[in-house]
Amino acid sequence: MTVAEFNKSVDLFSDNIYRFVLKNMRIEDEARDIVQDTFEKVWLKAAEVSFEKVKSYLFTTAYRLMLERIRKSRRTTSIDNSLRVVSVDEQPDFDVIKILNEGISHLPEDQRSVLLLRDYEGYHYDEIGQITGLNESQVKVYIYRARVFLKNYIVAAENLI
């Protein structure tokens, strides 16, 4: 890959990778770092990566870096499973996008990643399989389970209050 092709790949794919990582991580600084690390790895392997395959390579690299960071953060932090207390005076908040994003954040890592790659980024099942290292049927199963979970999560009464 030439310098011009690398620069073109940055222009074409950096926003998509950032959105994908941000949806998974929900921390802007971490997402930016992962995007930067992804392009650094591509730059170091520029001679081996063709421009036609760079999109898949970028998303695969970003996905792996993201999983690495998530696993590290789980080892170093504890999860607070506090209950949400709702007062009677609160007005109901029926922001479906907000509820959907909360539901996505409750999905397991694999399901969340494949769902975002399919529904937000528009990848085909075989491309998602290449990026995540899963076979195509497992990708379909994860997407189905994620969609069923989100459907139930959105209509649950406690999420609408």
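Just so you know, all these numbers are worked out from the coordinates, no wet-lab data involved. Just so you know, these numbers come straight off a predicted model, no measurement behind them. When we count neighbours, we look across all protein chains shown, and the Cβ atoms used for this are built from the backbone with ideal geometry, even at glycine.
With each label modelled as a point 7 angstrom along the Cα→C-beta vector, the S137-R64 pair spans 2.6 nm.
As a proxy for reagent exposure, ranking K72, K41 by other Cβ atoms within 10 Å from fewest up yields K72, K41. Taking other C-beta atoms within 10 Å as the exposure proxy, Y57, Y153, Y120 rank Y120, Y153, Y57 from fewest upward.
Measuring between alpha carbons in the structure, the pairs from K8/K72; K23/K98; K45/K140; K55/K98 lying more than 22 angstrom apart are K8/K72; K45/K140; K55/K98.
For the range 105-150, the calculated P(r) over all alpha carbon pairs, in 10 Å bins from 0 to the bin holding the longest distance, is 33, 60, 7 percent. Annotation: the residues M66, M25, M1, sorted from fewest to most other C-beta atoms within 10 Å of their own C-beta, follow the order M25, M1, M66.
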